[in-house]
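Derivation of every value follows stated rules applied to the coordinates shown; laboratory data play no part. Bear in mind that the values here come from a model prediction, so they are computed numbers and not experimental data. Don't worry about glycine lacking a Cβ; one is built from the backbone with ideal geometry, like all the others, and counts go over all protein chains shown.
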Amino acid sequence: MPQLALYTGPQRFMDGAAYRDSLRQYSPRVFVDGRAVESVADDPAFVPGINALAVSYDFALDETRAPLMQAEQTSRGRSVNRMLHINESAGDLLNKLEAVRLLCQETGCAQRYLTHDALNGLAQVSAALDDAKGGREHRDRFGAYLAHVQDGDLAVGIAMTDAKGDRSRKPHQQPHTDAYVHIVERNARGIVISGTKAIVTSAPYVHELLVMPCRAMGEDDADFAVCCALPVDAEGITMVARPAGRPGEKPEHGAPLFSRRYGQSTAVVIFDRVFVPWERVFFAGDWQHSEVLTYSYATHHRHSCIAARAGFGDLLIGAGALMCEANGFDDPGAKANLREPMVELIKIVEGFYACGVAASVYGAADPRAGNFMPDPVFSNIGKLLLATQIYDMHRLAHEVSGGLIVALPGPDEDHNPATAASLADVLRANPAIPYDKRAETARFMEDLTASYQSGWYSLISLHGGGSPAAMKQEIWRHYPVGDKVALVERLLDRGVLDNPDRPITRNRQPGRCCDAGCAQPGQAVMVPLPRP
Ligand SMILES: Cc1cc2nc3c(=O)[nH]c(=O)nc-3n(C[C@H](O)[C@H](O)[C@H](O)COP(=O)(O)OP(=O)(O)OC[C@H]3O[C@@H](n4cnc5c(N)ncnc54)[C@H](O)[C@@H]3O)c2cc1C
């Protein structure tokens, strides 16, 4: 991997509390539920989101998890949070996968992996720009930005999805030009941008935003091909956010609603003539390179989504088994009608996760930037599987749990002297499991599979990282159908190679794995994490 500017200063890792505190140094203009936010760090609407992101900081400093959650950026001679790491090997891809799964097991969705995915995509487009134009301006600019993000241990929101307006029209054809973020002015000091990014996860409680185009651009759309970074409180930025998780629900009653503790905010981010200095502009007008960035970012991101949803799946598997037990089946494996849906759930989760593992193992170094990118076919198949099977995951969790998860009286009844005792009596199932534990598991399951927040998990799975059509397009674009056609033609003795330009044989790829294999003999590919 090419050397980036070598960092010689102190290594900084924030813990969760320091991250939360660091947000006070910024004063973004944020609205939530129709009101202005005074202090993001203190606003109850964002506490679950900040809690979840803070876990990515705390885990990196936790002695047992640090070997996985920190990564060695050898090109810079320092350790960094894995969510900010530029992958240097297939093992890094596997470790990132495992790290994201671990974070999402704990928080439902830890959000910060988007930063990892965007930094890796940005490394690739910067190298592509230099190779096309000559020089190293873009590599150096990216290197300086990477040092800024890694050394500051920053949280960066990824502002890619534009408002897009009329989907049947290109950016320059939109009646409202602010449907896409675009350059409105260039001067000696930098650029000025306006427009709207429609869905930015964690935007209010990150330090910076990385603005990227959301589609391949044509020449007419050159002004919309803009990629730059800026602090969240840059003048001219307004965020209109949703609360993270379910922060307002019954905090006084102690029902352990997962989404009261952990959640994710998304914001519409409006840019109104926002100035960005040249040192933070990665490209401006280079429409030919939008595709390199969107493709690279999407491949990294879909690979991360696989791990994120596997972490969520782990929660459903654990809660499903606990519901079976609370209902009276200590061993759900002994009953075929419970074992089968549980196995189906496990098959789905580990099935798409296996695609993530395969994408890592078959990952390859980007020929220009040198960082490792997961295999696009396996990344897209894994993401496509989870995008649609998330609904089956919910169904299977419901099947083993029973209807109580949406029918149980609310947590207020747990404290009602007129009803609490008799409810605890009549709604107990397994004599070994007290009613409050059964209710707790049922409410946890409701939270994850039958609430507003469960809809969030469905939608992030289906559309986050791109809608299913985008994955199908990438699978078809990269799958070596041509090799399979050649195989059959050879078996039929038909001599396909005589005409290599037939559309059906065009998509051919060399063997994916290198001769040396992905690890040296005796060397672990992944950092082994102690298991409890
Ligand atoms: C919870 C959540 C969090 C997210 N977080 C982020 C984030 O942090 N940063 C970020 O940048 N993005 C984020 N996204 C956005 C995500 O990448 C988009 O939702 C996704 O790319 C789809 O875009 P869209 O929602 O605008 O849907 P649309 O583009 O409106 O698509 C809707 C449907 O129309 C189809 N369609 C759209 N255009 C066309 C066309 N021209 N021709 C034919 N069919 C078409 C699509 O295939 C899809 O089936 C997030 C999304 C969700 C749900």
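May I ask you to work out the translational diffusion coefficient for segment 123-206 at 20 °C, viscosity 1.002 mPa s, via Stokes-Einstein with Rh from the Kirkwood sum over Cα pairs, reported in whole µm²/s?
Using the Kirkwood radius from Cα pairs, D works out to 140 µm²/s.
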Could you tell me what % of all Cα pairs in the chain have separations over 37 Å? 33
If the chain between ASN337 and ASP501 were fully stretched, how many nm would it gain, using 0.36 nm times the residue separation less the Cα-Cα distance? 53.7 nm
Taking a ≥ b ≥ c as the square roots of the Cα gyration tensor eigenvalues, with a/c under 1.5 meaning rounded and otherwise prolate when a/b beats b/c, else oblate, which class fits segment 252-393? oblate
Going by amide H atoms built from the backbone, whose H comes under 5 Å of the H on LEU209, apart from near neighbours? GLY157, LEU230, VAL232
Enumerate the amide H contacts of PHE282 below 5 Å, restricted to partners 5 or more residues apart or on another chain; note that Pro and chain-start residues carry no placed amide H. CYS227, CYS228, ALA229
From DSSP H assignment alone, runs of 4+ in the chain each adding -39500 (n - 2.57), the sum over residues rounded to the nearest 500 puts [θ] at 222 nm at -14500 deg cm²/dmol
Report, to the nearest 10°, how far helix 481-491 tilts away from the longest principal axis of the Cα atoms in the chain, using its own Cα long axis and a range of 0 to 90°. 80
For ARG29, residues with placed amide H under 5 Å, excluding near neighbours: MET239
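When only DSSP loop residues count, what chymotrypsin sites (Phe, Trp or Tyr not before Pro) in segment 95-149 have their Cβ near at most 12 other Cβ atoms within 10 Å?
none
So if I take the alpha carbon set of segment 216-316, get Rg, then get Rh from the Kirkwood formula, what is the Rg over Rh ratio?
Rg divided by Rh gives 1.10.
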Just check segment 328-400 against the gyration tensor rule for me: Cα atoms, a ≥ b ≥ c as the square roots of the eigenvalues, rounded for a/c under 1.5, and otherwise prolate or oblate depending on whether a/b exceeds b/c. prolate
Return the subset of LYS164/LYS472; LYS96/LYS197; LYS335/LYS472; LYS164/LYS347; LYS347/LYS437 for which the Cα-Cα distance in this structure is over 32 Å, preserving the input order. LYS335/LYS472; LYS164/LYS347
Just to check I understand the Karplus step: with θ = phi - 60° and J = 6.51 cos²θ - 1.76 cosθ + 1.60, what whole-Hz values come out for segment 51-59, glycine and proline as x? 4, 5, 5, 4, 4, 5, 7, 5, 5
Rounded to 10°, Cα long-axis angle of helix 468-478 versus longest principal axis of the chain: 40
Given the peptides 125-137, 155-167, 419-431, arrange them by the average over their residues of other C-beta atoms within 10 Å, most packed first. 155-167, 125-137, 419-431
Tell me whether segment 32-175 comes out rounded, prolate or oblate; compute the Cα gyration tensor, take square roots of the eigenvalues as a ≥ b ≥ c, and use a/c under 1.5 as the rounded threshold. oblate
Counted charge near LEU385, where neighbours are those whose Cβ lies closer than 13 Å (Asp, Glu -1; Lys, Arg +1): +3
Quick one: give the max-minus-min coordinate of the C-alpha atoms of segment 292-475 along each principal axis, largest first, in Å. 70, 34, 25
